[in-house]
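Engineer: Here's a structure for you.
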Amino acid sequence: MSTLYLNIGSNSGDRRAFIVRAVAALPCALKPCFAAMRVSTEVESEPWGYESAARFINVGVKIELHHCGVWTAAELERLLSVLKELERSISAMPHRDAGGGYSDRELDIDIIALDDVRYKSESLEIPHPHMAARRFVLAPMAELAPEWRHPATMLTAAEMLCQDYSR
């Protein structure tokens with residue numbers, strides 16, 4: 001078994017409805033590996049990395065997957081592809097503006113962590129490189145997985161929150 005941690009957010013349109021649709025679609029999208037899932041309480045926050053009056057709602061999702069052995073690069077990239085396909089199937093709204101900066105979005109699904117995997121490519125970094133700076137990621141992670149430790153720093157999400165890296 002493996003444990004995947006996602007963060008799902010929205011700050012445009014019917015925010016809760018977009019998140020509910022994404023969470024409901026995860027078991028089917030992750031077949032045949034999907035085993036079980038827990039969803040955190042929601043966190044509301046200001047946008048991170050850009051200015052907007054539209055506040056985000058985020059939830060963390062802890063997913064148990066049937067997977068044995070070491071995750072290969074191909075499997076990790078495929079996982080990202082599946083989640084991005086799911087995201088686009090619910091909302092085609094882009095995440096970036098014409099200049100390449102962040103913009104408001106109906107749905108954003110991020111891989112935060114996967115077991116103690118450390119992986120980096122052009123398209124994906126696990127654990128998420130900005131998790132320690134995002135309270136809206138750390139609070140759900142601390143709720144869902146108080147025992148999880150960042151494989152590089154060995155800090156739990158609660159310890160990262162206490163160190164006030166988050167904004």
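The values are calculated or read from the model by the stated rules, or taken from the named source; none is laboratory data. Just so it is clear, the model here is predicted, and its values are computed rather than measured. In this analysis, Cβ positions are derived from the backbone assuming ideal geometry, glycine residues included, and neighbour counts consider all displayed protein chains. We work out accessible area using only protein heavy atoms, side chains counted, and drop any ligands, DNA or RNA first. Shrake-Rupley method; radii C 1.70, N 1.55, O 1.52, S 1.80 Å.
Engineer: Could you please find all residues in the stretch 1-20 being touching a Leu at 6+ places or on another chain (Cβ under 8 Å) and open to solvent by 40 Å² or more (accessible area, probe 1.4 Å)?
Structural biologist: Once the filter is applied, which keeps residues that are touching a Leu at 6+ places or on another chain (Cβ under 8 Å) and open to solvent by 40 Å² or more (accessible area, probe 1.4 Å), the stretch 1-20 yields only MET1.
Engineer: Against the condition basic (Lys, Arg) and open to solvent by 40 Å² or more (accessible area, probe 1.4 Å), how does ARG78 come out, does it pass?
Structural biologist: yes
Engineer: Continuing with this model, one more query. With the condition kept exactly as written, say whether any residue in the stretch 31-40 is among the β-branched types (Val, Ile, Thr), within 15 Å of the chain's Cα centre (by Cα) and open to solvent by less than 40 Å² (accessible area, probe 1.4 Å).
Structural biologist: no
Engineer: Which pairs have Cβ atoms under 6 Å, sit 6 or more apart or on different chains, and link a residue in the stretch 8-28 that is under 15 Å from SER40 (Cα atoms) to one that is open to solvent by less than 10 Å² (accessible area, probe 1.4 Å) and among the polar types (S, T, N, Q)?
Structural biologist: Within 6 Å, the pairs are GLY9/ASN58; ILE19/SER10.
Engineer: Restrict the check to the stretch 57-69 and report whether at least one residue is open to solvent by 50 Å² or more (accessible area, probe 1.4 Å) and within 19 Å of ASN11 (Cβ to Cβ).
Structural biologist: No, the stretch 57-69 contains no residue that is open to solvent by 50 Å² or more (accessible area, probe 1.4 Å) and within 19 Å of ASN11 (Cβ to Cβ).
Engineer: Also, quick follow-up: Can you confirm whether ASP110 is outside any loop (DSSP other than H, G, I, E, B) and under 22 Å from GLY49 (Cβ atoms)?
Structural biologist: yes
Engineer: Ok, one more. Starting from the stretch 36-49, take each residue that is of a type outside the set (A, V, I, L, M) and list its partners that are in a strand (DSSP E or B) and buried (at least 18 other Cβ atoms within 10 Å of the Cβ), counting only C-beta distances under 6 angstrom and pairs at least six apart or across chains.
Structural biologist: Pairs that qualify, where the first residue is of a type outside the set (A, V, I, L, M) and the partner is in a strand (DSSP E or B) and buried (at least 18 other Cβ atoms within 10 Å of the Cβ), are ARG38/LYS62; SER40/VAL59; SER40/GLY60; GLU42/VAL59; SER45/PHE56.
Engineer: Now, a different point. Report, by residue number, each residue of the stretch 121-161 that is within 15 Å of ASP110 (Cβ to Cβ), assigned to a loop (DSSP other than H, G, I, E, B) and of a type in the set (D, E, K, R).
Structural biologist: Within the stretch 121-161, just ARG134 meets the criteria.
Engineer: Additional query: Take LEU114 and tell me if it is within 20 Å of PRO32 (Cα to Cα) and either more than 12 Å from the chain's Cα centre (by Cα) or surrounded by 13 or more Cβ atoms within 10 Å (Cβ to Cβ) (or both). Can you show your working first?
Structural biologist: On the way: within 20 Å of PRO32 (Cα to Cα): yes; either more than 12 Å from the chain's Cα centre (by Cα) or surrounded by 13 or more Cβ atoms within 10 Å (Cβ to Cβ) (or both): yes.
It is true that LEU114 is within 20 Å of PRO32 (Cα to Cα) and either more than 12 Å from the chain's Cα centre (by Cα) or surrounded by 13 or more Cβ atoms within 10 Å (Cβ to Cβ) (or both).
Engineer: Pull up the stretch 117-167, narrow it to residues that are among the polar types (S, T, N, Q) and loosely packed, with under 15 Cβ neighbours inside 10 Å, then point me to the one that is nearest to SER45 (Cα to Cα).
Structural biologist: If we take residues in the stretch 117-167 being among the polar types (S, T, N, Q) and loosely packed, with under 15 Cβ neighbours inside 10 Å, then GLN163 is nearest to SER45 (Cα to Cα).
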